[in-house]
Amino acid sequence: MLTLHNEPALLLFSGGQDSATCLGWALNHFIRVETVGFAYGQRHAVELECRRSLRESAPGINTAWRTRLGGDTLLELDLFSQIGDTAMTSDMPIAVDDQGLPNTFVPGRNLLFLTAAAALAWKKGIRHIVIGVCEADSSGYPDCRDDAVKAMQVALNIGMNARFVIHAPLMRLDKADAWRLAEAEGGKAFVDLVRAQSHTCYLGERGQLHAWGYGCGECPACRLRAHGWEGYIAGETRA
């Protein structure tokens with residue numbers, strides 16, 4: 001049985017599969033959900049358009065969601081390209097570095113996002129923060145790990161004299177489980193919405209709709225998403 005907190009939450013909402021799934025989760029768990037997005041010079045800036053369409057469409061899935069979805073804030077954080085190019089903030093070819101990390105990793109990105117979100121939450125009187133990071137299926141990004149999120153919660157609470165609670169509902173899930181969570185939170189209609197309207201592809205490709213959604217089909221994000229979809233469908237078939 002779902003527990004509805006009689007408190008608001010702030011969701012870090014990019015327009016990708018993970019944050020879209022977390023939108024459904026948050027709308028089922030909090031009395032009001034506000035969203036915050038970040039324009040950081042990302043190569044796949046089309047996700048900013050997708051987040052708008054997802055916000056417009058999601059309330060049609062569930063009548064309760066219509067009253068619980070609150071306002072949205074888009075923050076400009078275009079500083080990562082000044083620090084050093086990555087394949088997420090430039091058109092360089094996607095590759096794996098000497099540490100085994102894709103060069104789509106943007107050092108400090110989620111840490112900065114959480115800091116900015118917490119500052120916004122503090123101003124709005126919101127203590128629950130929801131983020132769609134995932135340790136199991138994150139391409140190895142260190143700022144998606146549970147330890148990093150827990151450490152940020154401690155630092156933000158000390159630094160802002162606050163009582164923030166950071167929720168990461170996807171932390172222990174792989175991409176197949178994420179699709180299953182989307183279905184659990186909003187049914188097949190929500191799965192279809194996430195599939196068609198969220199965006200994951202690092203190259204920003206939205207020319208072809210695959211079974212798992214739009215994308216180039218070749219970048220690490222597309223491969224993870226496609227693999228997860230295959231596992232989700234395989235599980236349905238066995239059931």
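The values are calculated or read from the model by the stated rules, or taken from the named source; none is laboratory data. Owing to the predicted nature of the structure, the values given are computational and were not obtained by experimental measurement. Every residue, glycine among them, receives a Cβ derived from its backbone with ideal geometry; neighbour counts consider all protein chains shown. The protein model used for the area step is the full one, side chains on, heavy atoms only, and it has no ligands, DNA or RNA in it. Shrake-Rupley method; radii C 1.70, N 1.55, O 1.52, S 1.80 Å.
At a glance:
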| read-out | value |
| --- | --- |
| Region 7-62 - Rg and Dmax from Cα coordinates, angstrom | 11.3, 35 |
| Portion, in percent, of the accessible area of the chain that falls on carbon or sulfur, probe 1.4 Å | 52 |
| Rounded, prolate or oblate (a/c below 1.5 giving rounded, otherwise prolate when a/b exceeds b/c) for region 124-210 by Cα gyration tensor | prolate |
| Cα-based Rg of the chain normalised by 2.2 N^0.38 Å, two decimals | 0.96 |
| Helical segments meeting 15 Å axial Cα length and Kyte-Doolittle 0.0 threshold in the chain (DSSP H) | 109-124, 146-160 |
| Sequence-distant residues sharing a close amide H with Ala136 (under 5 Å, placed H) | Leu173 |
| Ellipsoid equivalent to region 185-239 - semi-axes via the Cα gyration tensor, in Å | 20, 14, 8 |
| Sequence-distant residues sharing a close amide H with Gly70 (under 5 Å, placed H) | Val33, Glu34 |
| Solvent-accessible area per residue, Å², over the chain with all protein chains present [probe radius 1.4 Å] | 45 |
| Sequence-distant residues sharing a close amide H with His210 (under 5 Å, placed H) | Gly215 |
| Estimated dipole of the chain in Debye, rounded to 20 [Cβ of Lys and Arg +1, of Asp and Glu -1, Cα centre] | 840 |
